[in-house]
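Structure incoming, see below.
What follows is calculated from the coordinates using simple rules that are stated; it is not laboratory data. Since this is a predicted model, take the numbers as computed values, not measurements. Virtual Cβ from ideal backbone geometry, glycine too; neighbours counted across all protein chains shown.
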Ligand code: GLP
């Protein structure tokens, strides 16, 4: 693991963008793995100013809520569209988000895995981290070999994400998420975290034992993982 400590969230975005552009630049039809949440927003802002042929880049989202209408402002379809597709100028036809309203959800998970494979795999995966150490929506106790599947959100994650909804009850209970095995297949991983709310999870990910209790700790075994954090998120390292 390469650990980079930056001064603040804006600097985290710039340094993460450097790592991502270096990885994408080497491919003719690059595949970017994209994350939602507030953490990668400064990264997307920095990426938008980089001279990449964004129309040629395919993108795969990590996860989506089950049962939230696509047009809901907090559906990951919407969030990815606004924060990533429109901001970077991606071709919407090349942007893939799991369909949390599919009639056959397990079939949708398999289809999504196949689509990643057919695109040649993910060149660089952007990640945030949950305060409980989750990546994507792989909550504690997720299997390290897991693939895209349906998961139940923990009360803590639903509480953390309630800030995006008008009431805590509105936060969906289920989601589709890429598995830890899927994420580990990405050729490069860039995880960003900011703020003291993430300090314990960052320390457990980087310095703790590799344990399913802290799903992000599996990244200690990734061949090319870069962790970019601000000083507040690094304070327990
Ligand atoms: C969400 C997403 C994750 C994200 C995490 C942290 O639930 N599924 O991909 O990394 O929680 O979110 P934030 O960056 O807003 O703290």
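Which of 103, 37, 133 ends up with the largest GNM mean-square fluctuation for the chain, with Cα atoms connected below 10 Å?
Its mean-square fluctuation being the largest, the pick is 103.
Multiplying the sequence separation of residue 10 and residue 207 by 0.36 nm and subtracting their Cα-Cα distance, what value in nm do you get?
Extra length from residue 10 to residue 207 when fully extended: 68.4 nm.
Still on this model: What length, rounded to one decimal in nm, is gained on full extension from residue 2 through to residue 26, with 0.36 nm per residue of separation minus their alpha-carbon distance? Spell out each step's value before the answer.
Values: separation 24, 0.36 × 24 = 8.64 nm, distance 1.99 nm.
Contour length minus Cα-Cα distance gives 6.6 nm.
Can I ask one more? Connecting C-alpha atoms closer than 10 Å in a GNM of the chain, tell me which of 139, 14, 53 has the biggest fluctuation.
The residue that fluctuates most here is 53.
Pick from 199, 225, 102 the residue whose mean-square fluctuation is largest in a GNM of the chain, springs joining Cα atoms under 10 Å.
102
Hey, another quick one. For every helix of n ≥ 4 consecutive DSSP H residues, a contribution of -39,500 (n - 2.57) applies; sum these over the chain, divide by its total residues, and give [θ] at 222 nm rounded to the nearest 500 deg cm²/dmol.
-7500 deg cm²/dmol
Considering the convex hull of the alpha carbon atoms of the range 1-54, report its projected area averaged over all viewing directions, in nm², one decimal.
Working: hull surface 16.7 nm².
About 4.2 nm², averaged over all directions.
With the Cα gyration tensor of the chain in hand, give its eigenvalues times 5 under a square root as the equivalent ellipsoid semi-axes, listed largest first in whole angstrom.
With the √(5λ) rule applied to the chain, the semi-axes are 23, 22, 18 Å.
Out of the DSSP beta bridges found with both residues in the range 1-155, what percent are antiparallel (nearest 5)?
Details: 1 of 9 bridges.
Close to 10 percent.
Let me know the shape class of the range 1-95, please: from the alpha-carbon gyration tensor, a ≥ b ≥ c as square roots of the eigenvalues, rounded when a/c is under 1.5, otherwise prolate if a/b is greater than b/c, or oblate.
It comes out oblate by the Cα gyration axes.
Taking the range 87-200, how much of its Cα-Cα pair set, in percent, is spaced more than 16 angstrom apart? Could the numbers behind the result be given before it?
Details: 4264 of 6441 pairs.
Counting pairs separated by more than 16 Å, the tail of P(r) holds 66 percent.
Using the 10 angstrom Cβ neighbour count as an exposure proxy, how do 165, 60 rank, fewest first? Please report the intermediate quantities before stating the final value.
Working: 165 16, 60 25.
By the 10 Å Cβ count, ascending: 165, 60.
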